[in-house]
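Engineer: Please find one structure pasted underneath; my questions will follow.
The values are calculated or read from the model by the stated rules, or taken from the named source; none is laboratory data. Predicted model, so just to flag it, every value in this text is computed and none were measured. Cβ coordinates were reconstructed from backbone atoms using ideal geometry, including for glycine residues, and neighbour counts include every protein chain displayed.
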Amino acid sequence: MQLSHQRLIRVALVCLVLLTVAISLTISLIKPVPPSGLPAIRLTSDAESLPDFSAYPAGPERKQMFADYLAPLVQQTNQHVLNVRQAALGLIAREEPLSLPERRWLLRLCEIYRVNAPCQPSEQLQQELERRINAVPVALALAQGAKESGWGTSRFAQQGNNIFGHWCFQQGCGLVPLNRQAGADHEVAVFDAPLLAVAAYVRNINSHKAYRQVRMQRAQHGLDAHVMVQGLSKYSERGQVYVEEVSFMLKQNQSWLELEPIIPEP
């Protein structure tokens, strides 16, 4: 009778372990779902490869194909960012207390956008989010994307969907530059889809401390690519020379300025 009791205990323990494992696996497979009525903070995309732009003749045709491909991705990303902006400002302006899921969504938003202000409804948070969660001029994104990726033909663009030269700093996180200096540990990030590279670029402009001046210029002058580019000296090790090169590309492609989104009132 004692042996039977011990077996029952062992069976119960095994069942408990299996149940715990099953629950853990189920939880790990569930993607985070935003509260009802609130958009996902991060864009998602199915895996996709950047077109082979080297198949087009170098010059106007290749440049046009690159711009025609990238512009809709920038516009899609901008629209998503504006949806998130509108939802966040709506929560802050609302008189009713936030639900627990809404508070968690807002906290996650502050984390992703590196907000230093207390992440609770206030005029201070509203002003901070208005500066950070906003669109990036399509023309500026096209110029930087073309500059960083060689109009979509670079090794990093073709092998890793990396259009904007993003680095990462964990071993195996991306592609190792062939000319990386001894002792350097950076790699060039790999993205599952070009849209995710665009989303990372916009988020970088909107959140990194190096681009605070860019955000301040946007807050003062709106989506003016010619003004905002002046704050990008820290985007490249080449500093002001890089800014001048991107500015020149903007002047050479004035038609890109017609692609800007309309920013809704909060």
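Engineer: For the stretch 152-166, check the following and say yes or no: at least one residue is of a type in the set (Ser, Thr, Tyr), in the same structural domain as Ser255 (by TED's automatic domain parsing), closer than 21 Å to Ile41 by Cα and at pLDDT 90 or above.
Structural biologist: no
Engineer: So, in the stretch 152-179, of the ones that are surrounded by 21 or more Cβ atoms within 10 Å (Cβ to Cβ) and closer than 19 Å to Pro72 by Cα, which residue ends up farthest from the chain's Cα centre (by Cα)?
Structural biologist: Gly152
Engineer: Additional query: State whether the residues of the stretch 181-196 include one that is farther than 30 Å from Gly59 by Cβ, surrounded by 14 or more Cβ atoms within 10 Å (Cβ to Cβ) and free of Cβ contacts under 8 Å to residues at least 24 places away in the same chain.
Structural biologist: yes
Engineer: Taking the stretch 239-266, which residues are modelled with pLDDT of 90 or more and charged (D, E, K, R)?
Structural biologist: The initial filter retains those residues of the stretch 239-266 that are modelled with pLDDT of 90 or more, namely 239-251.
Glu244, Glu245, Lys251 - these are the residues of the stretch 239-266 that are modelled with pLDDT of 90 or more and charged (D, E, K, R).
Engineer: Could you list all residues from the stretch 187-203 that are among the aliphatic types (A, V, I, L, M) and within 21 Å of Val84 (Cβ to Cβ)?
Structural biologist: Correct list: Ala193, Leu195, Leu196, Ala197, Val198, Ala199, Ala200, Val202.
Engineer: Right, here's the next one. Restricting the search to the stretch 44-84, which residues are crowded, with 21+ Cβ neighbours inside 10 Å, touching a residue at least 60 places away in the same chain (Cβ under 8 Å) and either more than 18 Å from the chain's Cα centre (by Cα) or over 21 Å from Trp256 (Cα atoms) (or both)?
Structural biologist: Result: Phe53, Phe66, Ala67.
Engineer: Sort through Met228, Met216 and tell me the only one that's assigned to a helix (DSSP H, G or I) and buried (at least 19 other Cβ atoms within 10 Å of the Cβ).
Structural biologist: Going through Met228, Met216 in turn, the sole match is Met228.
Engineer: On to the next question. Within 17 Å of the chain's Cα centre (by Cα) and crowded, with 16+ Cβ neighbours inside 10 Å - does that describe any residue in the stretch 115-129?
Structural biologist: Yes, some residue in the stretch 115-129 is within 17 Å of the chain's Cα centre (by Cα) and crowded, with 16+ Cβ neighbours inside 10 Å.
Engineer: Pairs only if they're at least six apart or on different chains, beta carbon under 6 angstrom, first in the stretch 234-247 and in contact (Cβ under 8 Å) with a residue 40 or more places away in the chain and assigned to a helix (DSSP H, G or I), second surrounded by 17 or more Cβ atoms within 10 Å (Cβ to Cβ) and among the hydrophobic types (A, V, I, L, M, F, W, C); list them, first residue then second.
Structural biologist: Short answer, once both residue conditions are applied: Val246/Ala143; Val246/Val229.
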